[in-house]
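Asks: Here you go, one structure.
The values are calculated or read from the model by the stated rules, or taken from the named source; none is laboratory data. If you're wondering where the values come from, they're calculated on a predicted model, not measured in any experiment. Please note: Cβ atoms are built from the backbone with ideal geometry, for glycine as well, and neighbour counts cover all protein chains shown. The area values use the complete protein model at the heavy-atom level, side chains included, leaving out ligands, DNA and RNA. Shrake-Rupley method; radii C 1.70, N 1.55, O 1.52, S 1.80 Å.
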Amino acid sequence: MHSRRHPGSLTKELDLDAKQFLELVDLASDLKQEKAERRQQPRLAGREIALVFEKNSTRTRCAFEVAAHDLGAHVTYLGPDGSHIGREESIRDTARVLGRMYDGIEFRGFAQQTVEELADHAGVPVWNGLTDSWHPTQMLADVLTMIEHHRSPVEEIAFCFTGDGRNNVARSLLVTGALLGMDVRIAAPPALQPPADVVATARDLAASSGARVLVTDDPAAGVAGADFVYTDVWVSMGESEAEWDARVPLLSPYRVTEELMAATGRPDSRFLHCLPALHDRSTTLGARVFDRYGLDGAEVSDAVFESERSVVFDQSENRLHTIKAVLVHALGA
Ligand code: CP
Ligand code: NVA
């Protein structure tokens with residue numbers, strides 16, 4: 001069957017070129033301003049959006065719901081349980097059913113193949129709200145946040161992701177930085193560096209965008225001169241809890257502490273995190289990590305998370321404005 005992919009779909013960052021990516025970021029900035037000034041228009045009045053989640057979410061779900069409501073659209077949430085998707089009904093059949101009822105579909109889940117298959121068969125825009133491979137709507141928010149705090153063209157921004165370099169967020173940051181001509185670094189132990197094909201893609205993109213790409217196992221070298229230091233959880237959704245035993249010793253040198261922030265050499269460098277973050281023992285997971293490993297927080301210290309350098313809540317707010325831009329671009333009149 002030939003693909004019925006809608007051009008408004010966003011299954012991964014590389015569905016976009018640099019110009020299209022930055023146009024969405026600009027649109028998000030305009031929509032943010034409109035909302036602040038209470039000038040919002042119901043651009044998607046009467047539209048119906050399906051939100052399909054195989055994994056948990058706070059930000060992505062809420063951003064899609066609030067964005068849709070702000071624009072006058074309605075949503076239906078299908079959670080990890082309760083629908084037939086993938087169990088009694090194939091992805092292809094589900095795509096064709098939802099495509100008859102909805103104007104657009106968000107999908108968060110495990111396999112990238114699932115969101116690609118939905119996009120191929122739904123006939124309406126399909127947006128990736130995170131898979132094991134990529135997190136493209138997060139990237140739009142992250143770039144908007146960096147631009148807001150750095151106030152210079154993206155090509156002049158340097159950022160370093162430190163931690164599990166194989167995870168969805170690290171992979172997405174690497175290709176996004178390379179696509180946009182940024183100075184992008186990944187600091188991760190050899191066992192947790194991004195896969196060779198993703199690094200090769202980033203280097204290919206850099207050859208034409210002018211990006212500087214560094215993958216290193218030296219956290220201090222990774223962050224030297226960086227405007228932004230970014231980290232993410234050490235064990236991602238869908239991975240076994242048992243991974244913690246190996247990850248703690250491997251990733252402790254990559255934890256974002258005040259010392260690592262100082263190693264940027266930049267008193268104005270900022271801290272980013274897609275969230276949720278393990279920065280103290282106030283959660284059940286945080287308490288378990290403290291009891292088992294004696295670590296108070298994991299990938300970032302509470303001191304950095306709560307510091308003036310931390311712009312993580314600006315970043316999470318920007319999920320709303322950037323997801324709204326994705327909806328308006330795909331469905332707006
Ligand atoms: N950053 C992010 O995607 O958060 P949620 O898992 O809460 O959606
Ligand atoms: N890497 C994390 C990102 C959460 C937004 C995960 O997949 O769990």
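Asks: With unit charges on the beta carbons (Lys and Arg positive, Asp and Glu negative) and the dipole taken about the Cα centre of region 221-333, which residue among Leu331, Val233, Thr284 sits farthest to the positive side?
Replies: It is Leu331, whose Cα lies furthest towards the positive end.
Asks: If you don't mind, another one. Based on alpha-carbon positions alone, could you give the equivalent ellipsoid semi-axes of region 1-89 from the gyration tensor, as √(5λ), descending, whole Å? Don't skip to the answer; put the middle values down first.
Replies: Details: eigenvalues 134, 76, 34 Å².
Equivalent-ellipsoid dimensions as semi-axes: 26, 20, 13 Å.
Asks: As a test question: what accessible area, to the nearest 10 Å², does Arg281 have when a 1.4 Å probe is rolled over all protein chains in place?
Replies: 120
Asks: Rounded to two decimals, what ratio of Rg to Rh does region 154-221 give with C-alpha atoms and a Kirkwood Rh?
Replies: Numbers: Rg = 10.6 Å, Rh = 11.4 Å.
That ratio is 0.93, to two decimals.
Asks: Summing Lys, Arg as +1 and Asp, Glu as -1, what charge do residues with Cβ under 15 Å from the Cβ of Arg47 carry, Arg47 excluded?
Replies: -2
Asks: Could you pull out which residues in region 143-179 have an amide N less than 19 Å from a spot 7 Å beyond the Cα of Arg212, following the Cα-Cβ vector?
Replies: Hits in region 143-179 for Arg212 at 19 Å: 146-147, 150-162, 173-179.
Asks: What shape does region 225-333 take by its C-alpha gyration tensor, where a ≥ b ≥ c are the square roots of the eigenvalues and a/c under 1.5 counts as rounded, a/b above b/c as prolate, and the rest as oblate?
Replies: Since a/c reaches 1.5 but b/c is at least a/b, the shape of region 225-333 is classed as oblate.
Asks: Which of rounded, prolate or oblate describes region 112-191 when judged by the alpha-carbon gyration tensor and an a/c cut-off of 1.5?
Replies: Working: a/c = 2.87, a/b = 1.45, b/c = 1.98.
It comes out oblate by the Cα gyration axes.
Asks: Listed highest first by mean packing, meaning other Cβ atoms within 10 Å per residue, what order do 243-253, 219-229 come in? Could the numbers behind the result be given before it?
Replies: On the way: 243-253: 15.8, 219-229: 21.5.
Result, highest mean Cβ count within 10 Å first: 219-229, 243-253.
Asks: With every protein chain kept in the model, how would you rank Glu317, Glu65 by accessible area, 1.4 Å probe, largest at the top?
Replies: Details: Glu317 85, Glu65 40 Å².
Accessible-area ranking of Glu317, Glu65, largest first: Glu317, Glu65.
Asks: With the cut-off at 13 Å, report for region 257-302 the share of all Cα pairs above it, as a whole percent. Don't jump to the answer; show the numbers that get you there.
Replies: Details: 594 of 1035 pairs.
I get 57 percent for the Cα pairs in region 257-302 exceeding 13 Å.
Asks: What is the mean projected area of the alpha carbon convex hull for region 32-185, to one decimal in square nanometres? If you can, show how the numbers build up before the last one.
Replies: Working: hull surface 41.0 nm².
Here the figure is 10.3 nm², rounded to one decimal.
Asks: I'd like the distance between the alpha-carbon centres of region 133-200 and region 299-333, rounded to an integer number of Å.
Replies: 15
Asks: Something else now. With a sphere of radius 13 Å drawn around the Cβ of Arg203, what net charge do the other residues whose Cβ falls strictly inside it have (Lys, Arg +1; Asp, Glu -1)? Can you show the working numbers first?
Replies: Values: positive: Arg212; negative: Asp197, Asp204.
The answer is -1.
Asks: Continuing with the same structure: Please report the net charge: other residues with Cβ closer than 11 Å to the Cβ of Gln113, K and R +1, D and E -1. All intermediate terms of the calculation are to be shown ahead of the outcome.
Replies: On the way: positive: none; negative: Glu116, Glu117, Asp120, Asp132.
Counting the neighbours of Gln113, the net charge comes to -4.
Asks: Running a GNM on the chain with Cα contacts under 10 Å, which residue among Ala263, Ala200, Ala178 ends up with the highest mean-square fluctuation?
Replies: Ala200
Asks: Okay, moving on. Can you list, largest first and rounded to whole Å, the semi-axes you get for the chain by taking the square root of 5 times each eigenvalue of its Cα gyration tensor?
Replies: Numbers: eigenvalues 199, 103, 76 Å².
Square roots of five times the eigenvalues give 32, 23, 20 Å.
Asks: Right, something else. With +1 on each Lys and Arg Cβ and -1 on each Asp and Glu Cβ, and nothing else charged, work out how big the dipole of region 118-270 is about its Cα centre, in Debye to the nearest 20. Please report the intermediate quantities before stating the final value.
Replies: Numbers: 10 positive and 21 negative charges, 58 e Å.
Charge dipole, region 118-270, about its Cα centre: 280 debye, nearest 20.
Asks: On average, how much accessible surface per residue is there in the chain, in Å², for a 1.4 Å probe, leaving out ligands, DNA and RNA?
Replies: Value returned for the chain: 41 Å² of accessible area per residue.
Asks: Also, quick follow-up: So which DSSP H runs in the chain come out at 18 Å plus along the axis (Cα) with average Kyte-Doolittle of at least 0.0?
Replies: The answer, listed by residue number, is 136-150, 196-209, 312-331.
Asks: Work out the charge dipole of the chain with +1 on the Cβ of Lys and Arg and -1 on the Cβ of Asp and Glu about the Cα centre, then indicate which of Leu14, Ala298, Ala73 is farthest towards its positive end.
Replies: With unit charges placed on the Cβ atoms, the residue in question is Ala73.
Asks: Roughly how large, in nm² to one decimal, is the mean projection of the convex hull of the alpha-carbon atoms in region 107-254? Walk me through the intermediate numbers first.
Replies: On the way: hull surface 37.2 nm².
For the Cα atoms of region 107-254, the hull's average projected area reads 9.3 nm².
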